[in-house]
Amino acid sequence: MNDETLDLALEGVFQKALTPGAAEMAAMQIRMAARLQQEQQDWTTFTAVMLNLNTCLQSVQYCLNRSAHLLKPVRG
Amino acid sequence: MTDFDSFYEQNVRLVYAMALGRGLNACAAEDLSQETFLRAWRHFDLLRSLPPPAQRAWLIQTLQNLANDTWRQSRAATEHTIHTDPLSAPAESGSAADWTLRLDVLQALSTLQEIDRDVVVLRYYLQWNSREIGEALQLPESTVRRRLMACRRHLAQQLLAWGPEGANA
């Protein structure tokens, strides 16, 4: 058997062995979509937490600035 | 998301077959594929700007890195190989002959070096030529041809019983 014939035969064998069925592919795609949705939710939650944290920090900074202003000794 | 959907559809066979070719069972191969696409999703702004061959090379490299990380993290990874895990069957109910064929192919692949498994899966399953394989695996085309030549006879001895004229066909 020459190399070309061997290649063709091996192609047939590999195609048959490794090609996932339609149901297998569909199930994989659904699970992938669910995983991506979870990832997006995690990212949205993370972003929301960071935004809240940022707002809190700004509030604290504002309070500190006000306190510093109020505590500033009056000259004169 | 639509762009990513089509990216997924174009590459899922590649990624899944490369994962199977590493001797993983169907569930572990799917997990590894999913993790690879999750990384792709996180870097999709970069990936979408690359030409398809570079995208495929990125996916293969990421899959290889993840597989190596998983192996390092858990020596128990050997439990996931086809030799010990009876759950390696395809996720859907195929015929016993289909299932046996897949086992035989994975068994034959497991006798090859890691780089040769990748080359063989890309050549015989995805039917890429030596240039495309070389681009994806970052190997010279001549090296790909040489490796294929060495693998061809070896695989033929083990698998041609499944070929068109074989007893199991």
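Some points to look at:
Results for (1) under 22 Å from B:E132 (Cβ atoms); (2) within 14 Å of chain A (Cβ to nearest Cβ); (3) in contact with a helix residue (DSSP H, G or I) (Cβ under 8 Å, 6 or more places away or on another chain), shown as yes or no for each residue.
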| position | (1), (2), (3) |
| --- | --- |
| B:S6 | yes, yes, no |
| B:V12 | yes, yes, yes |
| B:Y16 | yes, yes, yes |
| B:N25 | no, yes, yes |
| B:F44 | no, yes, yes |
| B:L63 | yes, no, yes |
| B:D69 | no, no, no |
| B:R72 | no, no, no |
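- Count of residues meeting criterion [closer than 15 Å to A:F14 by Cβ and either free of Cβ contacts under 8 Å to residues at least 40 places away in the same chain or assigned to a loop (DSSP other than H, G, I, E, B) (or both)] in region B:130-156: 5
- Enumeration of residues in region A:25-60 that are facing another protein chain (nearest Cβ under 8 Å) and more than 30 Å from B:C151 (Cβ to Cβ): A:A27, A:Q29, A:R31, A:M32, A:R35, A:L36, A:E39
- Considered as a group, the residues in region B:103-152 that are crowded, with 22+ Cβ neighbours inside 10 Å and of a type in the set (D, E, K, R) include one that is farthest from the chain's Cα centre (by Cα), and that residue is B:R147.
- Conditions (1) at the interface with another protein chain (Cβ under 7 Å from one of its Cβ atoms); (2) under 30 Å from B:R145 (Cβ atoms); (3) out of contact with any Phe, Trp or Tyr (no Cβ under 9 Å at 6 or more places or on another chain): number failed by A:E4: (1)
- Condition met for A:A22 (surrounded by fewer than 10 Cβ atoms within 10 Å (Cβ to Cβ), within 13 Å of chain B (Cβ to nearest Cβ) and free of Cβ contacts under 8 Å to residues at least 12 places away in the same chain): yes
- Of all residues in region B:20-37, those satisfying the criterion of being part of a helix (DSSP H, G or I) and of a type in the set (A, V, I, L, M) are B:L20, B:A26, B:A28, B:A29, B:L32.
The rows are residues; the columns are (1) of a type outside the set (G, A, S); (2) modelled with pLDDT of 50 or more; (3) within 29 Å of B:R147 (Cα to Cα).
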position: B:H83; (1), (2), (3): yes, no, yes
position: B:P86; (1), (2), (3): yes, no, no
position: B:S93; (1), (2), (3): no, yes, no
position: B:R102; (1), (2), (3): yes, yes, yes
position: B:T111; (1), (2), (3): yes, yes, yes
position: B:V119; (1), (2), (3): yes, yes, yes
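- From the options A:L8, A:L70, residue that is surrounded by 10 or more Cβ atoms within 10 Å (Cβ to Cβ), in a helix (DSSP H, G or I) and of a type outside the set (S, T, Y): A:L8
- For beta carbons closer than 9 Å, sequence separation of 6+ or different chains, a first residue in region B:21-40 that is modelled with pLDDT of 90 or more and of a type in the set (D, E) and a second that is surrounded by 22 or more Cβ atoms within 10 Å (Cβ to Cβ) and not in a helix (DSSP H, G or I), the qualifying pairs are B:E30/B:L24; B:D31/B:L24.
- Tabulated pairs, region B:41-63, first surrounded by fewer than 18 Cβ atoms within 10 Å (Cβ to Cβ), second assigned to a loop (DSSP other than H, G, I, E, B), C-beta under 8 angstrom, 6+ apart or interchain: B:A57/B:Q138
- Hits in region A:1-58 (condition: more than 22 Å from the chain's Cα centre (by Cα), among the β-branched types (V, I, T) and under 30 Å from B:F44 (Cβ atoms)): A:T19, A:T55
- Checked across region B:145-153, the condition of being touching a Gly at 6+ places or on another chain (Cβ under 6 Å) and of a type outside the set (K, R) holds for no residue.
- The single residue among A:T5, A:T19 that is of a type in the set (S, T, N, Q) and closer than 27 Å to B:R39 by Cβ turns out to be A:T19.
The values are calculated or read from the model by the stated rules, or taken from the named source; none is laboratory data. These numbers come from a predicted model, not from an experiment. Here the Cβ is made from the backbone with ideal geometry for all residues, glycine too, and neighbour counts use every protein chain on show.
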